[in-house]
1. Cross-link candidates for Lys123: which aspartates and glutamates have Cα within less than 20 Å, leaving aside residues fewer than 8 places away along the same chain?
2. Among the lysines, which have Cα under 25 Å from the Cα of Lys179 when same-chain residues fewer than 8 positions away are ignored?
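Derivation of every value follows stated rules applied to the coordinates shown; laboratory data play no part. Computed from a predicted structure; not experimentally measured.
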Amino acid sequence: MSQVNSEMRALRELKNQYMSSHSVANSQKALLQSRYQKVGRDVKALLTAYSKVSKDYSTQYREKLKKQYRIANPSATEEEVDEAVYNDDAHQAFAQAVSNSSRVQNATRVLSSVKQRHDDVKKIAKTIEELAALIQELSELVDEQQVQLDSIEDAVEASNTHVQSAQVAIGEGIVLAKKTRKCK
């Protein structure tokens, strides 16, 4: 995740250098900005989908954990199962249930599986937090660039107006030149 952060920062710096370059046409800057915004929207959509998948996985994981806890401790009440599953130290409660069970070997395998899944869920949660921070940072960048886009758009409109005025002036100049030639 830190590699993604550093690559995003490098990309942002390159874009800013490119956008501030005086040798780049305004139309190219506008095109780059629109592409940058599209990438931002695509990243947000991907992260939203990733978050949904992660949430679904977490729900399924908790259901499996409940099932495994009931296998290890068939006499457990629903409250005990919920406490074991939703407690951050679920694997410790699960280990106690296993030690009280007559199916120690089977439960030991389940315990190691639960520990591994619990660690995986924590890693996924951390990754989601980092991705959320990236989305926020990307959103701020897109908002930041909107001012520049507006000024580029204004400059393009002003240039278009100047070109049209120049075309009219050139047309008038041609008419005057023809009249002058006829008079000579």
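1. Asp56, Glu63, Asp88, Asp89
2. none
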